[in-house]
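The structure appears right after this line, and notes come after that.
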Amino acid sequence: MTEVSKMRRKLVLGNWKMHGSIGANGQLFEAIRQHASQNDVPVEVGVCVPAPYLSQAKNALSGAAVAWGAQDVSAYASGAYTGEVSAAMLAEFGARYVIVGHSERRAYHRETSELIGAKARQAISAGLVPVICVGETMQERDSGIAEQTVRDQLSDVLAFVGAESPDRIVIAYEPVWAIGTGRSASSADAQTIHAALRACLREHGTNMEQIRILYGGSIKPNNALGLLSCADIDGGLIGGASLSSDDFISIIDSACRALGSETRVAEVANAGIKS
Ligand code: 13P
């Protein structure tokens with residue numbers, strides 16, 4: 001393991017999206033809670049649930065080594081913004097993470113880098129950790145501009161956030177074509193993009209390279225170990241598979257097994273990259 005990756009604790013974060021019911025959630029929370037309490041899990045685990053279930057998450061997970069969070073937050077601190085939830089409210093509630101700039105919100109809600117940056121700033125000032133998502137479309141990948149696209153997305157958001165200490169932000173690389181399709185990026189391709197994002201972070205401030213970068217997009221039990229073993233992949237943002245306790249726990253276990261094998265996988269991935 002490299003010196004750098006030793007300092008970045010792996011994070012496995014579920015994104016339930018708009019799924020769930022009180023009954024189904026109860027079983028899922030219980031399984032995750034039990035797994036966390038029965039095993040001394042060396043990676044960090046969390047779930048980002050729909051807002052109405054935050055209270056259920058808080059009750060079900062309190063005292064367990066499992067964080068909970070939200071999937072969106074207002075770009076404003078408070079005021080007449082009907083339907084919005086502020087970062088301070090989420091923080092007061094005990095949430096730790098909030099996803100911002102997910103490609104589904106960029107696409108369906110026309111979220112801009114400025115808005116995403118404002119949401120991330122609100123989150124940080126309230127003490128939440130924003131999970132800032134970036135990712136290229138299939139068209140951008142096919143045009144050979146995947147790396148440039150995600151670097152630009154990251155820089156554009158960071159321009160509104162400024163330099164931050166590594167524990168206050170998480171980045172998630174989620175190729176749009178991999179989300180919900182069952183078609184994940186290969187470990188080598190994902191590692192290449194993560195290394196580019198890390199280089200981009202390094203340009204933005206001292207210590208910024210220590211910010212964790214998660215991979216998301218069709219992570220499943222059968223590909224998790226390969227992806228999570230890459231040197232610059234510091235965990236996963238899990239969609240569909242986080243709705244199955246067996247699959248989510250299997251991915252957590254893969255993240256644990258991946259510890260210590262990052263350098264080897266990076267070498268394999270880099271060997272496949274033509275200079
Ligand atoms: P899937 O794991 O379902 O592809 O979703 C990934 C995602 O969008 C997580 O934020």
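Bear in mind these aren't lab numbers, they're just calculated from the coordinates by the rules spelled out. Every value quoted in this text rests on a predicted model; they were computed, and no experiment measured them. Quick reminder, even Gly has a Cβ in these numbers, built from the backbone with ideal geometry, and neighbours come from all protein chains shown.
Structure notes:
- When every Cα-Cα distance of the chain is counted in 10 angstrom steps from zero, the calculated P(r) takes the values 7, 32, 39, 20, 3, 0 percent.
- For the chain, the Cβ-based charge dipole about the Cα centre amounts to some 240 debye (Lys, Arg positive; Asp, Glu negative; other atoms uncharged).
- Each label point was placed 7 Å from the Cα along the Cα-to-Cβ direction; for Met138 and Ala107 their separation is 1.0 nm.
- Over the stretch 184-251, relative contact order from alpha-carbon pairs under 8 Å, at least 6 apart, %: 34
- Spacing of the two label points (7 Å from each Cα toward its C-beta) at Asn207 and Ser21, in nm: 4.7
- Peptides 38-47, 140-149, 61-70, 94-103, ordered by how many other C-beta atoms sit within 10 Å of their residues on average, highest first, read 94-103, 61-70, 38-47, 140-149.
- Normalised alpha carbon radius of gyration of the stretch 104-211 [divisor 2.2 N^0.38 Å]: 1.05
- Convex hull volume of the C-alpha atoms in the stretch 174-236, normalised per residue: 69 Å³.
- Highest average packing first - 8-15, 155-162, 125-132, Cβ atoms within 10 Å: 8-15, 125-132, 155-162
- Protection proxy ranking of 169-178, 195-204 - average other beta-carbon atoms within 10 Å, highest first: 169-178, 195-204
- Counting only Cβ charges, +1 for Lys and Arg and -1 for Asp and Glu, the dipole size of the stretch 122-222 around its Cα centre is about 300 debye.
- Based on DSSP H segments of at least four residues, each scored -39500 (n - 2.57), the chain has a per-residue ellipticity at 222 nm of -13500 deg cm²/dmol.
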